[in-house]
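**Student:** One structure coming up, written as structure tokens, with questions to follow.
The values are calculated or read from the model by the stated rules, or taken from the named source; none is laboratory data. The structure displayed is predicted, hence computed values, not measured ones. Cβ: placed from backbone, ideal geometry, glycine included. Neighbour counts: every protein chain shown. Surface accessibility is based on the protein's heavy atoms, side chains included, excluding ligands, DNA and RNA. Shrake-Rupley method; radii C 1.70, N 1.55, O 1.52, S 1.80 Å.
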Amino acid sequence: MKALVLENIHPTAVEVLESRGYDVDLRSGALSESELVDSLDGVSLLGIRSNTTVTSRVLEAAPDLLAIGCFCIGTNQVDLAAASARGIGVFNAPYSNTRSVVELVIGEIIALARRLPEKTLRMHDGVWDKSAQGSHEVRGRTIGIVGYGNIGTQLSTLAEAMGMRVVFFDTSDRPAHGNARRMRSLDELLEISDVVTLHVDGRPGNAGFFGAREFALMKPRSMFINASRGMVVDNESLRDHLVSGHIAGAALDVFPVEPKVQGDTFESVLRGLDNVILTPHIGGSTQEAQAEIGWFVAGKLTGFALEGSTALSVNLPAVVTPPLNQGHRLGFLHHNVPGVLAGFNALFAADGDNVVGQQLSTRDALGYVVTDASAPLSGHAMEQLLASEHCLWARTW
Ligand SMILES: NC(=O)c1ccc[n+]([C@@H]2O[C@H](COP(=O)([O-])OP(=O)(O)OC[C@H]3O[C@@H](n4cnc5c(N)ncnc54)[C@H](O)[C@@H]3O)[C@@H](O)[C@H]2O)c1
């Protein structure tokens, strides 16, 4: 079993893959399309980060490829439609850097409340300004969390531990953690929060959702943080409110347009303001997050290849398989059309095999069924299954 792992992926990934019997070809850089085409013979698992593009041409040249692990958050470097059409599983690490983002935001809340960006700039200019004017403790202040998902809820817990009052607004029903209070509307949250921090997802409807109107509704001298998506905020309006003093300070980690390559110039209307912390999209960039991503994605790849689990796959129907203790497991990925499951189960019945457990899940054009049975399908039944018009693949474990 061969795995090709590119782009300096953390050693935790290699440990997991090797412990499950994989021979790992580890490379430090990304590969071009033609280099990939030449490298995938016999490879069943491919590990990449964001600099490797997996096109349909690459997938066509990879007959042995079972799964691709994106050791990052995004998966748009992979042609997902082509991967799905070939039944190749794609996995990523959507939650592994949650804690890192939360810790950055906590640091920024304190830094803004104590006016650290301005203080440190002055010190570098040789100015000794000990004034407490405009500096505050965060204890007892209200944080308004917009988007109460993985990051928002963990931030809620840590902010509360620092003695902050937590209010949140989410468009979905989310239970409050600890003493946090749900707000019925975004406006209600904006009117009472000393810090407003955005943790919404990148759905298209969120583009520009936080602009002049929302900044105007915020409390005078409150603080603003965005570590979610650059496109959700109108930074021109933010600048106006920072310059007027209505917003006391801001921290931004994400931007509508971000430099593509290390070293490219960063352009923003927020540059040059001494009450603004600007960071280059590093909310999730820590060694701990990288180690967690390595471990997490490698576990998903091996869980899929060796046990049939598609848990958290970004493109295949989700089936979370129980551990394979004894018996015989068959995974069958097929087109999601009526009658396929009935035909599949008829093969077991004709063989006289008892089905011990079965899970089916569908997603768009695909269906995936995992069956644990008292005996493997006979060779003849397996041939029939593989030859059926709706079969993408069938595998046994
Ligand atoms: N800065 C970084 O390096 C970094 C790292 C990881 C994640 N992120 C970003 O952080 C954001 C949050 O990540 P997550 O894992 O918590 O996502 P999540 O999907 O778990 O949570 C997002 C929440 O926002 C809510 N939401 C969406 N639109 C909303 C709106 N207009 N108003 C109120 N609530 C809304 C959703 O219902 C959901 O509960 C994402 O945009 C993600 O891309 C940034």
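**Student:** Part of a loop (DSSP other than H, G, I, E, B) and either modelled with pLDDT of 95 or more or open to solvent by less than 50 Å² (accessible area, probe 1.4 Å) (or both): which single residue out of Gly126, Gly144 fits that description?
**Tutor:** Among Gly126, Gly144, only Gly126 is part of a loop (DSSP other than H, G, I, E, B) and either modelled with pLDDT of 95 or more or open to solvent by less than 50 Å² (accessible area, probe 1.4 Å) (or both).
**Student:** Counting just the residues of the stretch 330-352 that are surrounded by fewer than 19 Cβ atoms within 10 Å (Cβ to Cβ) and not small (Gly, Ala, Ser), which one comes out nearest to Leu45 (Cα to Cα)?
**Tutor:** His335
**Student:** Have a look at Glu188, Glu160 and point out the one that is over 23 Å from the mean Cα position of the chain (by Cα) and either within 19 Å of Asp253 (Cβ to Cβ) or within 13 Å of the ligand (Cβ to nearest atom) (or both).
**Tutor:** Glu188
**Student:** Which of the residues spanning the stretch 303-347 are outside any loop (DSSP other than H, G, I, E, B), closer than 15 Å to Trp397 by Cβ and within 26 Å of the chain's Cα centre (by Cα)?
**Tutor:** Gly303, Phe304, Ala305, Leu306, Glu307, Leu333
**Student:** Asn150 passes all but one of (1) in contact with an Asp or Glu (Cβ under 8 Å, 6 or more places away or on another chain); (2) within 16 Å of the ligand (Cβ to nearest atom); which number fails?
**Tutor:** Evaluating Asn150 over (1) in contact with an Asp or Glu (Cβ under 8 Å, 6 or more places away or on another chain); (2) within 16 Å of the ligand (Cβ to nearest atom) leaves (1) as the failure.
**Student:** Do you know which residues across the stretch 280-302 are among the small types (Gly, Ala, Ser) and either out of contact with any Ser or Thr (no Cβ under 9 Å at 6 or more places or on another chain) or open to solvent by 10 Å² or more (accessible area, probe 1.4 Å) (or both)?
**Tutor:** Selection gives Gly284, Ser285, Ala291, Gly299.
**Student:** Looking at (1) surrounded by fewer than 17 Cβ atoms within 10 Å (Cβ to Cβ); (2) more than 16 Å from the ligand (Cβ to nearest atom); (3) in a helix (DSSP H, G or I); (4) not acidic (Asp, Glu), can you tell me which one Gly107 breaks?
**Tutor:** All conditions pass for Gly107, except number (2).
**Student:** Another one. Checking Val127 against (1) among the β-branched types (Val, Ile, Thr); (2) in contact (Cβ under 8 Å) with a residue 24 or more places away in the chain; (3) within 30 Å of Met218 (Cβ to Cβ), only one condition comes out false. Which one?
**Tutor:** In the conditions (1) among the β-branched types (Val, Ile, Thr); (2) in contact (Cβ under 8 Å) with a residue 24 or more places away in the chain; (3) within 30 Å of Met218 (Cβ to Cβ), Val127 misses (2) alone.
**Student:** Looking only at residues in the stretch 79-97 that are open to solvent by less than 10 Å² (accessible area, probe 1.4 Å) and within 17 Å of the chain's Cα centre (by Cα), which one is modelled with the lowest pLDDT?
**Tutor:** The initial filter retains those residues of the stretch 79-97 that are open to solvent by less than 10 Å² (accessible area, probe 1.4 Å), namely 83, 87-91, 93.
Next, only the ones that are within 17 Å of the chain's Cα centre (by Cα) stay: 89-91, 93.
Values: Gly89: 98, Val90: 98, Phe91: 98, Ala93: 95.
Ranking the candidates gives Ala93 first.
**Student:** Now, a different point. What pairs can you find where one residue is in the stretch 80-109 and closer than 15 Å to Val58 by Cβ, the other is within 16 Å of the ligand (Cβ to nearest atom) and open to solvent by 20 Å² or more (accessible area, probe 1.4 Å), and their Cβ atoms are less than 7 Å apart, with a gap of 6+ or different chains?
**Tutor:** Listed pairs, sorted by first residue: Leu80/Val314; Val90/Thr75; Val90/Val314.
**Student:** Need the failing condition index for Gly327 against (1) at positive phi; (2) open to solvent by 60 Å² or more (accessible area, probe 1.4 Å), just the number.
**Tutor:** For Gly327, the failing item is (2).
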